[in-house]
1. Find all pairs meeting these conditions: Cβ atoms under 6 angstrom apart; at least six residues apart or on different chains; first residue within region 462-477 and free of Cβ contacts under 8 Å to residues at least 40 places away in the same chain; second residue open to solvent by 10 Å² or more (accessible area, probe 1.4 Å).
2. Using the structure shown, decide if S95 is buried (at least 22 other Cβ atoms within 10 Å of the Cβ) and closer than 22 Å to G378 by Cβ.
3. Residue pairs, Cβ under 9 Å, 6 or more apart or interchain, first in region 193-221 and under 16 Å from W172 (Cα atoms) and of a type in the set (A, V, I, L, M, F, W, C), second open to solvent by 60 Å² or more (accessible area, probe 1.4 Å) and not in a loop (DSSP other than H, G, I, E, B). List them.
4. If I go through region 541-571 residue by residue, how many of them are under 24 Å from G74 (Cα atoms) and of a type outside the set (K, R)?
5. When the residues of region 131-180 are filtered to those that are polar (S, T, N, Q) and touching a Phe, Trp or Tyr at 6+ places or on another chain (Cβ under 8 Å), which remaining residue is most open to solvent (accessible area, probe 1.4 Å)?
6. Does L193 qualify as being touching a Gly at 6+ places or on another chain (Cβ under 7 Å), crowded, with 22+ Cβ neighbours inside 10 Å and under 22 Å from I634 (Cβ atoms)?
7. For G401, state whether it is touching a residue at least 24 places away in the same chain (Cβ under 8 Å) and over 19 Å from the mean Cα position of the chain (by Cα).
Amino acid sequence: MRTHWPLLLLLLIPVAMFPGAIPGPETVSANDHLSVHHAYQSSAGGRVRNPHLSDPALQFKALREAVHRSIEHGEVPLWNPMIWAGAPLMGDAQSAVGSPATWLRLWLPEAGPDAAVVWLLLWVGLGSALLAGSLGAGPWGTAIAGAAAMTSPYVSVWLLHPHAATAVWLPWILWGLQRRSRAVTALAVAGVLAGGHPETAAHVGMIAVAALVVHFRWWCGLIWMTVGVGLAAPLWMPFVEEVLRSSTLHAHGGNTLAAGQLLDLVWPNIHGHPVPETWNRPGWSWADGRIHPGLAALGLAAAAGVRGRARWLWGVWAGCMAIAVFGMPGPLNHARLGGLATLVLAVSAGLAPLKRVQPLAFAGVVVTGVWAGWHDQGSLPSSEHRPEPAAWTSHLVERVGSDRVLGLGWALQPNTGALVGVRDLRGYDLPVSRDTERLQSLLNPRPVRPWFRVDSLPPPSLLHFLAVRVVLSPDPLDPALNWGEAPLHAQAVGGGLGRAWLASAPQSVPDARTAARRLQHTADPLSQPPVEGLTGRWPDTGEAKAVAIVSESPNRVRIQARADAPAIAVLADAWHPGWRVTVNGAPAAPLRVGGIVRGVRVDAGTHEIEWSFSPDGWRLAWPVFGASALVFGIGVVPFRRRRRQRDKIAPRTG
C-alpha cells in the first residue's frame, strides 16, 4: 500500500461524478422518464432531464422486476409473462441476469442502484490500473489509467445500461492475456457475456482478439477465452436460441459514425448535448458519437504514444475508429466501437512519461473527464427515483386481473403496464420472435417496430381470443369507463372467457401463418380455434367453456378443467417451443393455437393441466458449462499449484 496508495484516490471519483448521491439521499437514476408516461400521470405533461435515457426506466427497470418476480417464486428467470402475451426473459440478454450490477440492485433495494454504479466505475478503474501496471506504469500511472477509464465516454453514457456492465470487463480480459493468466482470462470473458449486451460483448471480443494478435501473442489465450464462453453458456445460449427465432435480425446493423462526429475527439460535446438542449443533428446518435476521453487523458495518451510506450494500444484504437466510421458487414452497430475503444486510450494515458507532475496529471484526468461527461447521467431525489403509479392504475389492475390490457396509439407505452402490475399485449423487447411478430401483425397489419403501435381497435373476437379486458386510448372511447383523473380513455371488453378455456370444435390447419389468417376470419375463435398438427375428427360447431387457472408463476401455469367431450384446452399465452405440458401428470403434445398461443388436447373428464417452461437453449447450455468448468478446474488449479511450488523453490536455487 505504501507504493500503490494513489489507487485509493479512485474511490473519490464516484463521489465527484455524483455529489449528493454517492454518498447522499439522492440516487443515480433516469426514472424521471416515468413521469411523462401515462401510468404515472393524472394528466398529460411532464419533462425529463435527458430525453435520450428512456431505456433504464422503461425497459431495464421492467426487466429487473421480471427477474425479481421469478426469484420470489423460487424459479430461474426464464419467462416474462407481462409483455407480448409472454416472452422469454433470459432470451432477452438485456435482462442481464448474470450481471453483478443487476444483483446489487435486487439485493439492496435502497442502496442498490448507487452500489451498482460504484461497482461499475471501480471495476473498470481497477482493471485498467492493473493492466497499465503490468505494461510498465508506476503507482501514479496506474491511478491515472484507472481514473481515465472511470470517466471514459462509453462508461459515462451507458452507465445505467447493460452496455457498461459488459464493457467494464474489457481491461480485465486484456490484463489476463498480458499476465497469461488462465483463470483471469476465462472468468473475465464469462463476465463480459454475463453483462447483458451482446453487441458490446462482440466488440469487446474484437478488441481482445486484435490485442492478442498484434501484441500478446499468447495463443493459448484463445483456448481460455473459449473456456470463459463455455462458463457463461447458461446466460447466452437462451439468447442465441431467440436470435435464431427472430424475425428482425436482418434489420439491425449498418450504423456508423458520421465523419463530423470525429470532432468530438477535439472537444467534448462539440455538437451539443441533449440535456442543455443543444443537440440538433437529426440522424446522428448523440450517445454513439461520444468518443472524447477527456482532454488530459487524451494528451497523456498522445505523449505515451510519441514516446513509444505501448504503441500497439494506439493501433488497436485506430482500427476500432476505422470500423466505427466505415463499418463492417453484419448485424452490429459499429458506431459504438469508437466510444468503447477509449478504454484502450485510458490505459495508454497511464503510460505517459511523467515525473514530479504525476499528481497534477491525475487531477487533470479526473477534472477534465468528469467535466466532459457531466451531463451524461444525473441524480434524482427518492420521490422521482421511486414515483408512485397514478391512482387510476389501481382500478385498471383490479379490472384486468390476470388477463390483459391493450393500448391504442401511445397509450400506456409498452413495459409501463408491467411496472404497475398489468399484462400488456405489446412490449419493448429484443429479439422479437416470429411468433411475436405474427401476433402484432394481427393487431396491426403494418407493424411499427420496435414498439408495435396499434392504431385502431381490433375486432372483438380477436380481443376475446387474446384475453383483453380493457382497451386504453388517448382519444375518447364510447362507451367509456370512468376512473376519475386520468390522461387516457378506457373501454371495457365484454364477452371474453379469460386466458383459459375449452374449445370443442377446433379447426385443423397446416402451419402458423395459415392459422393466423384463419383466426382473423373466424367468427367464433373461442370455440373454433385454428390448431396446427390437429388429428382426429372434430365437430363443425361447438361451444367454448371457461376453465380455472388454479396457480401460476412465471415459468409454470396449472389449470383444472372438466370436459364433457374431447376438446382443446387453450391457454391464451404466447407459444414457444420451450413450453412443455402434462395432463394428469402424463406428458402431452403441446399445440400451437391460432399461430400465436398454446393448447393441449384433453378427453372427456376432469383434468389437471400443467405448463412448464424450459427452453432448449437453457437445457443444452448445462453440458457446455459442465465441460468448460471441468477444463477450467483441470487447467487452472494444478497450474496454480505448480507455479506456487516454483516460486518457493526459486529463491533456494537462485
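The values are calculated or read from the model by the stated rules, or taken from the named source; none is laboratory data. In this text the structure is predicted, and so the values were computed from the model without any measurement. Every residue, glycine among them, receives a Cβ derived from its backbone with ideal geometry; neighbour counts consider all protein chains shown. These accessible areas exclude ligands, DNA and RNA; they are computed on the full protein's heavy atoms, side chains included. Shrake-Rupley method; radii C 1.70, N 1.55, O 1.52, S 1.80 Å.
1. Every condition considered, the pairs that remain are P476/H489; L477/H489; L477/Q491.
2. So S95 fails the test.
3. Listed pairs, sorted by first residue: L193/W236; A194/W236; A201/W236; V209/L222; L212/L222.
4. 12
5. Ranking the candidates gives Q178 first.
6. No: the conditions fail for L193.
7. Answer is yes for this residue.
Yes/no matrix, rows are residues, columns are (1) closer than 26 Å to H4 by Cα; (2) surrounded by 16 or more Cβ atoms within 10 Å (Cβ to Cβ); (3) in contact with a His (Cβ under 9 Å, 6 or more places away or on another chain):
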position	(1), (2), (3)
W267	no, no, yes
W279	no, yes, yes
W286	no, yes, yes
L295	yes, yes, no
F326	no, no, yes
N333	no, yes, yes
A346	yes, yes, no
